[in-house]
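What follows is a short report on a single structure.
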Amino acid sequence: MSQIFIPGTAAPSDVADSKTFSAGTSYQAAGTLPDRRGNPAAGTYSTAVSAKADGGGSIVLEPTLGVYGPGKNTNGFGSIIATDPNFVKENWPTDRTIFGIQGTMPTHLGDHVNRQEVAYWAAGTNGVTNPRVFFRPPPGYYDGNGWIYDEPLDLRPQNLLAGKNLFGMVGTARGLESAFGNGTLGAGGAISASGLAFQPKAIVVYTAPMVGNDFYYISKSYFAAFGPTQYYTITRRDIYQGGTQTTVADTGTWSVGSNSFSTSFGSGWDGFSFSWRAFGGT
């Protein structure tokens, strides 16, 4: 018996499994190629064999074997699906839309954002040589034009020693400063000193003259923190008859400048030597 040869080159693997064909020695043979054209209407998908982004804005899919046609399901999706757990809208900023999906990641474009947490590592701890300060930013996307900031209330020039630099802030605090000197009381018991390297905030002046049989110790003090209050004490002791008498008076006001001071003990003490000590700083 002779065999009929039908013109054509198709094989079963070339024809959709929903169709028959005749070619070569095949007559009304069933195709074996999976027919996936009904996927959209059925709401089903064929998973891509591979999916690869080209880095230029495109994703290239390798489909599974089968016959595909145009069409979308009721949700607007086609036939082939590829899945990546990182491809979710939370992973890109709100000003970006990828394949029609707008991102939901908090977006900071040139914003100055208050930090969430701050941590300090002292030199020699946690394996660091120099001190480090860390600021934990809130979650989100940052375009590099903004800053993460903190508001430390004590970070002020007056709280940092003069000449020290912290984050670009130069300190002005001078710590405790002191000076001392002596001189001769002028007319009316006048006292003055100038050329100090600081503004006095506390001053003590004193003299110990001998007048006849009486030895005196006279002191006067000034404290800026107490306002205009003056402290003036005279102690007299008769070196022959004994006995001590102390009086307190407010004689002669103070004049305190940025690097000087002046006051007086009052009349009667002209020409006696005196000594003083002054204190300042912050």
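Are any residues in segment 156-203 among the charged types (D, E, K, R) and surrounded by 15 or more Cβ atoms within 10 Å (Cβ to Cβ), and if so, which ones?
Answer for segment 156-203, where residues must be among the charged types (D, E, K, R) and surrounded by 15 or more Cβ atoms within 10 Å (Cβ to Cβ): 174, 177, 201.
Against the condition under 17 Å from residue 273 (Cβ atoms), surrounded by 12 or more Cβ atoms within 10 Å (Cβ to Cβ) and hydrophobic (A, V, I, L, M, F, W, C), how does residue 208 come out, does it pass?
Considered against the rule, which asks whether it is under 17 Å from residue 273 (Cβ atoms), surrounded by 12 or more Cβ atoms within 10 Å (Cβ to Cβ) and hydrophobic (A, V, I, L, M, F, W, C), residue 208 comes out as yes.
For every residue, the table says whether it meets (1) of a type in the set (Val, Ile, Thr); (2) modelled with pLDDT under 90; (3) touching a helix residue (DSSP H, G or I) at 6+ places or on another chain (Cβ under 9 Å).
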| position | (1), (2), (3) |
| --- | --- |
| 181 | no, no, no |
| 196 | no, no, no |
| 208 | no, yes, no |
| 228 | no, yes, no |
| 232 | no, yes, no |
| 239 | yes, yes, no |
| 245 | no, yes, no |
| 252 | no, yes, yes |
| 276 | no, no, no |
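Restricted to segment 40-49, and to residues that are over 14 Å from residue 87 (Cβ atoms) and among the small types (Gly, Ala, Ser), which residue is surrounded by the most Cβ atoms within 10 Å (Cβ to Cβ)?
Here the residue is 46.
Within segment 125-173, track down each residue that is closer than 30 Å to residue 90 by Cα, of a type outside the set (Gly, Ala, Ser) and in a loop (DSSP other than H, G, I, E, B).
Of everything in segment 125-173, those that are closer than 30 Å to residue 90 by Cα, of a type outside the set (Gly, Ala, Ser) and in a loop (DSSP other than H, G, I, E, B) turn out to be 137, 138, 139, 143, 145, 150, 151.
Does residue 102 qualify as being over 16 Å from the mean Cα position of the chain (by Cα) and modelled with pLDDT of 95 or more?
Answer is yes for this residue.
Which of the residues spanning segment 115-135 are within 27 Å of residue 145 (Cβ to Cβ) and surrounded by 13 or more Cβ atoms within 10 Å (Cβ to Cβ)?
Passing the criteria: 115, 132, 135.
Considering every residue within segment 73-93, establish whether at least one is assigned to a loop (DSSP other than H, G, I, E, B) and within 28 Å of the chain's Cα centre (by Cα).
Looking for residues that are assigned to a loop (DSSP other than H, G, I, E, B) and within 28 Å of the chain's Cα centre (by Cα), one finds at least one in segment 73-93, hence yes.
Can you tell me which residue is farthest from residue 17 (Cα to Cα) among those in segment 50-84 that are in contact with a Leu (Cβ under 8 Å, 6 or more places away or on another chain) and exposed (fewer than 15 other Cβ atoms within 10 Å of the Cβ)?
So the residue we want is 50.
The values are calculated or read from the model by the stated rules, or taken from the named source; none is laboratory data. Predicted model only: the values in this text are computed from it and were never measured. Virtual Cβ from ideal backbone geometry, glycine too; neighbours counted across all protein chains shown.
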